Amino acid sequence: MKKLAGSFRYTQWDPWLIIAQIISVQCILYFTLGLILAMLGQLVGDNRNLDHIFEYHEIHVRDFGGKIVISSFVVNSLIGAVVLWLVVERTKQCLDFSCTWHIIHLLICWFYNGQFPTTFSWWALNLACVTLMCVGGEFLCLKSELQAIPLSLGPKTDL
């Protein structure tokens, strides 16, 4: 039984929906990150591999390869804002889903490297990306939520 929770939407705890949304966001964002890295790598003639996504020592500004990785993560976080808007569709949940994506990414990086990420550049980049993704997603979702509800202009019936 759905209950009206003081808003225009019905709310109900649906863990399967949340799990499906988390998996969808993870898959879409890793796919787009890999695609962005592959395209930028082709432009500069550099081979991209999983190390560029999960190896935290690859995030640096010493050379052009590190700058490509950083710019790929930033562009991907902006794409992540659009993904939140399309998949999650709720302003209140943008922070939860953007933090969830980055926490899962932290766990994968920790497992992939065999040690906890300790570089400042990795943490600064991920903090900036979670902020961009969350704020961008909230902006897009809020813009949709605040649109006027269209009223039917069809024939009226008298009761």
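The values are calculated or read from the model by the stated rules, or taken from the named source; none is laboratory data. Bear in mind the structure is a predicted one, so any value in this text is a computation, not a measurement. Don't worry about glycine lacking a Cβ; one is built from the backbone with ideal geometry, like all the others, and counts go over all protein chains shown. The protein model used for the area step is the full one, side chains on, heavy atoms only, and it has no ligands, DNA or RNA in it. Shrake-Rupley method; radii C 1.70, N 1.55, O 1.52, S 1.80 Å.
Tabulated results
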read-out	value
Subset of the range 97-125 [without any contact (Cβ under 8 Å) to a residue 60 or more places away in the chain, under 22 Å from V25 (Cα atoms) and of a type in the set (S, T, N, Q)]	S98
Breaking point among (1) over 18 Å from Y112 (Cα atoms); (2) open to solvent by less than 20 Å² (accessible area, probe 1.4 Å); (3) of a type outside the set (A, V, I, L, M, F, W, C), for D63	(2)
Single unsatisfied condition, L86 versus (1) open to solvent by less than 80 Å² (accessible area, probe 1.4 Å); (2) at pLDDT 90 or above; (3) under 30 Å from C141 (Cβ atoms); (4) not acidic (D, E)	(1)
Leading residue by the ranking (nearest to C134 (Cα to Cα)) among those in the range 89-105 that are open to solvent by 10 Å² or more (accessible area, probe 1.4 Å) and of a type in the set (S, T, Y)	T91
Among (1) open to solvent by 10 Å² or more (accessible area, probe 1.4 Å); (2) not in a helix (DSSP H, G or I) - the single one T131 does not satisfy	(2)
Residue, most open to solvent (accessible area, probe 1.4 Å), within the range 134-159, restricted to residues that are of a type in the set (G, A, S) and at pLDDT 90 or above	G136
Selection count where residues are closer than 24 Å to T118 by Cβ and open to solvent by 50 Å² or more (accessible area, probe 1.4 Å), scope the range 20-57	4
Members of the range 38-74 found to be in contact with a Phe, Trp or Tyr (Cβ under 9 Å, 6 or more places away or on another chain), in contact (Cβ under 8 Å) with a residue 12 or more places away in the chain and assigned to a helix (DSSP H, G or I), listed by number	V44, I53, F54, Y56, H57
